[in-house]
Amino acid sequence: MKIKILKYLFIAAILGIALWSCNKIDSSPDNNDLTSVQKQELEAESKGWKVVGEMVNGLPVLTIDKIQALENYNNNLFQMSHIEGNFNDVSIVELSDGSLSLVFVGEVYSSSFYVRSDQSGRLKAFSGTSCTTSDCSSELLGCVVKYESDLAYCSPCSNGGTCTKTSSSSSLF
């Protein structure tokens, strides 16, 4: 009789655990609850692309927290490339070749990130590669991130000045 009762208690415990684990509420985000746009954004961000703005009436408009982006980039650029950029402004600029660039500007240095537009008009910057210069800061196409196939490079300064490429597997800003 005791063995039967223990057997039934054991089976009840197993069933109870199984039911409890099936009904347990998962507090982690579930990808099935995300919209397709949110899924695409998470995937893009995991590959280094960050939404930084949007096109409004044909003009690029910055939508990120400027203060946070400036603080992050000033710190990360110094840690990675030992450049004290002292950047005090950031904006999305349309370059003379029609491409877009996220540009950080200071009194001496300027630094840029490549920007692309998606189908919905959002602007995304590749946050893992920047080009920084003090020699050709006023040039619109000097020392900006360009791509050849999937390889990022810094366009040269037309005056032959120095341009520093900084790359990271995580966001620089």
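The values are calculated or read from the model by the stated rules, or taken from the named source; none is laboratory data. Predicted, not measured: the structure shown is a model, and the values here were computed from it. Using ideal geometry, Cβ is built from the backbone for each residue, glycine included, and neighbour counts are taken over all protein chains shown. These accessible areas exclude ligands, DNA and RNA; they are computed on the full protein's heavy atoms, side chains included. Shrake-Rupley method; radii C 1.70, N 1.55, O 1.52, S 1.80 Å.
At a glance:
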{"quantity": "Segments 49-57, 78-86 sorted - mean Cβ within 10 Å per residue, highest first", "calculated": "49-57, 78-86"}
{"quantity": "Lysine-lysine proximity count for segment 42-173, Cα under 16 Å, sequence distance 8 or more or distinct chains", "calculated": "6"}
{"quantity": "Highest-first arrangement of 123-130, 102-109, where packing means the average Cβ count within 10 Å", "calculated": "123-130, 102-109"}
{"quantity": "Heavy-atom surface of segment 75-173, accessible at 1.4 Å and reported per residue (Å²)", "calculated": "50 Å²"}
{"quantity": "Whole-Å semi-axes of segment 42-172's equivalent ellipsoid (Cα gyration tensor)", "calculated": "21, 17, 15"}
{"quantity": "Environment charge of TYR73, counting only residues whose C-beta is closer than 14 Å and scoring Lys/Arg +1, Asp/Glu -1", "calculated": "-2"}
{"quantity": "Packing-based order for 131-138, 152-159, using average beta carbon neighbours within 10 Å, highest first", "calculated": "131-138, 152-159"}
